[in-house]
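Would you mind keeping the following structure in view while I ask a few things?
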Amino acid sequence: MIIKILKWAGITLLSVIALLGAGYGLIAMNIKNRTVRQYNFDNEVLDIKSDSVTLARGKHLVAIKGCQDCHSKDLSGRIMMDDGAVGRLSASNLTGGKGGLPSDYSATDWIKALRHGIDKSGQPLIFMPSHETTLLSEQDMAAIIAYCQTVPDVDHELPPINLGPVANVMSYFDKMPLFSVEKIDHAKPMVARADTVEGIKLGEYLAVSCSGCHRADFKGGDPLAPGLPPVPDITSSGNPGKWTQQQFLQTLRSGKTPDGHQMKNDDMPWQMTAQYEDKELASLYQFLHSR
């Protein structure tokens, strides 16, 4: 009797393993097919100037939009994660050095990446938050491109992205945003200029950079990846909603909350928000408190 029970238990277990294996095989194939899918969008043209004001604006935007957090301060790229289960995620070398962008990488190619989330060949950029950068104004996108085209070349060759089983499964169930190209309304036109006056409208424009982690409603939710903490609610109903504007500014400049907790930059990129102008942080506070 016991032998029969063990036999059937073994058969059941093997059947479950086989089903799980087959299911994962379908998931892995789905993700693989999506990584090599070809996209084609009409080429767009921006008025890209290289005057000192534009370059200064581009440098500021690169600092506050998280570009340096992923691609390093000199934009030479880095390995963001290298984990057997999740996989290896590399942020590209955006300079013209060895391992970086090809010599014929044009402004049109930059627009494809920032506006549509695809590379020069038309394939999806993986883990690139183009669903955020696509909402930049024409003026700001042009400023970023102008600045990035002036950064010094850095020789830095990076290993390719290699997705592990956890990344495949989480992406399949839309728990890990690997393919921004699938999330973008590609027909939505860019606004010419963003509001620059302190207030809720400017805060709303800047808060796009917060939505990637804190969700579209800024109410937070589950961790973005295994091992990371839950994402907090940063609206008026969350803990930051209890802070004064001055406390909000001080926290995003120092990484230390009003109760004395020092945040890790890997969890909350306060070293990036520390580079916001006072009016930008004040506007962000006003917008989030209006939610």
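Within the range 36-71, restricting attention to residues that are loosely packed, with under 15 Cβ neighbours inside 10 Å and of a type in the set (Ser, Thr, Tyr), which residue is farthest from Tyr172 (Cα to Cα)?
Ser52
How many of the residues making up the range 148-162 are within 8 Å of Arg88 (Cβ to Cβ) and buried (at least 16 other Cβ atoms within 10 Å of the Cβ)?
Number of matching residues: 1.
Still on this structure: Hey, among Gly100, Gly87, Gly96, which residue is surrounded by fewer than 21 Cβ atoms within 10 Å (Cβ to Cβ) and modelled with pLDDT of 95 or more?
Just a single option satisfies the conditions, and that option is Gly96.
Mind listing whichever residues of the range 67-105 are part of a loop (DSSP other than H, G, I, E, B), under 16 Å from Ile126 (Cβ atoms) and not aliphatic (A, V, I, L, M)?
Within the range 67-105, Gly77, Ser92, Asn93 qualify.
Can you tell me which residue in the range 200-240 is modelled with the lowest pLDDT, limited to those that are hydrophobic (A, V, I, L, M, F, W, C) and not in a loop (DSSP other than H, G, I, E, B)?
Out of the qualifying residues, it is Cys213.
Provide a single number: the residues in the range 259-276 that are touching a residue at least 60 places away in the same chain (Cβ under 8 Å) and within 19 Å of Thr244 (Cα to Cα).
Within the range 259-276, residues that are touching a residue at least 60 places away in the same chain (Cβ under 8 Å) and within 19 Å of Thr244 (Cα to Cα) number 2.
Report, ordered by the first and then the second residue, all pairs with beta carbons closer than 8 Å, sequence separation of six or more or different chains, a first member in the range 62-79 that is more than 21 Å from Glu277 (Cα to Cα), and a second member that is in a helix (DSSP H, G or I).
Leu75/Val62; Leu75/Cys67; Leu75/Gln68; Leu75/Cys148; Gly77/His71; Arg78/Cys70; Arg78/His71
While we're here: Would you tally the residues in the range 31-51 being touching a residue at least 24 places away in the same chain (Cβ under 8 Å) and either in a helix (DSSP H, G or I) or over 15 Å from Ala107 (Cα atoms) (or both)?
Summing the residues that are touching a residue at least 24 places away in the same chain (Cβ under 8 Å) and either in a helix (DSSP H, G or I) or over 15 Å from Ala107 (Cα atoms) (or both) in the range 31-51 gives 8.
The values are calculated or read from the model by the stated rules, or taken from the named source; none is laboratory data. What you are looking at is a predicted structure, and each value in this text was computed from that prediction instead of being measured. Because the Cβ atoms are built from the backbone with ideal geometry, glycine has one as well, and the counts that use them run over all protein chains shown.
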